Amino acid sequence: MTSGSVSEQRLRDLARLRRVRDRIDREYAQPLDVEALARGASMSAGHLSREFRRAYGESPYSYLMTRRIERAMALLRRGDLSVTDVCFAVGCQSLGTFSTRFTELVGMPPSAYRSQAMRGTAGLPSCVAKQVTRPVRNREAGATEPRIA
């Protein structure tokens, strides 16, 4: 392949990856897996995973779970659904996996978040509450800490 055709292929792959990411954003509550996403993008699952990680810094599954947890946080802040109802509303099939991933990303279990968030964001517009309560991955949290020389 020439360098021109390699860069053209890379641009086509990036366009397909954006469509995959947009699909995850739209259909986060649907049963999605890497194989289905790859089929929709006309890529193999392995190629999709490698290229998605290269483009966005995380696997498609990790990105999907982050979207689900963000939506779960919003639903838990409302306070009118149980943790189990929220788990299934965002597309998770296992309460245990949901709770583990939620705790990993948010730093506390969903039930604790629900009671704390209802108190902590009372009176804030939803757009502000969403921004200040956005989940932060451990690797991102470490990057924002000041360095001591």
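The values are calculated or read from the model by the stated rules, or taken from the named source; none is laboratory data. Bear in mind that the values here come from a model prediction, so they are computed numbers and not experimental data. FYI the Cβ positions are ideal-geometry reconstructions off the backbone, even for glycines, and counts take in every protein chain you see.
Note on segment 18-36: among residues that are under 11 Å from residue 52 (Cα atoms) and β-branched (Val, Ile, Thr), the one that is modelled with the highest pLDDT is 20. All conditions in (1) closer than 30 Å to residue 7 by Cβ; (2) at pLDDT 95 or above hold for residue 39, with the sole exception of (2).
Would you confirm whether or not segment 75-88 contains a residue that is closer than 29 Å to residue 114 by Cβ, in contact (Cβ under 8 Å) with a residue 40 or more places away in the chain and assigned by TED's automatic domain parsing to the domain that holds residue 118? Before the answer, list the steps.
Going through segment 75-88, the residues closer than 29 Å to residue 114 by Cβ turn out to be 75-88.
Now restrict to residues that are in contact (Cβ under 8 Å) with a residue 40 or more places away in the chain: 76-77.
Adding the requirement that they be assigned by TED's automatic domain parsing to the domain that holds residue 118 leaves 76-77.
Within segment 75-88, one or more residues are closer than 29 Å to residue 114 by Cβ, in contact (Cβ under 8 Å) with a residue 40 or more places away in the chain and assigned by TED's automatic domain parsing to the domain that holds residue 118.
Show the residue pairs that are 6+ apart or on different chains and have beta-carbon atoms under 7 Å apart, the first residue being within segment 113-129 and of a type in the set (Phe, Trp, Tyr), the second being at pLDDT 70 or above and surrounded by 13 or more Cβ atoms within 10 Å (Cβ to Cβ). Here the result reads 113/73; 113/76; 113/106, each pair linking segment 113-129 to a residue that is at pLDDT 70 or above and surrounded by 13 or more Cβ atoms within 10 Å (Cβ to Cβ).
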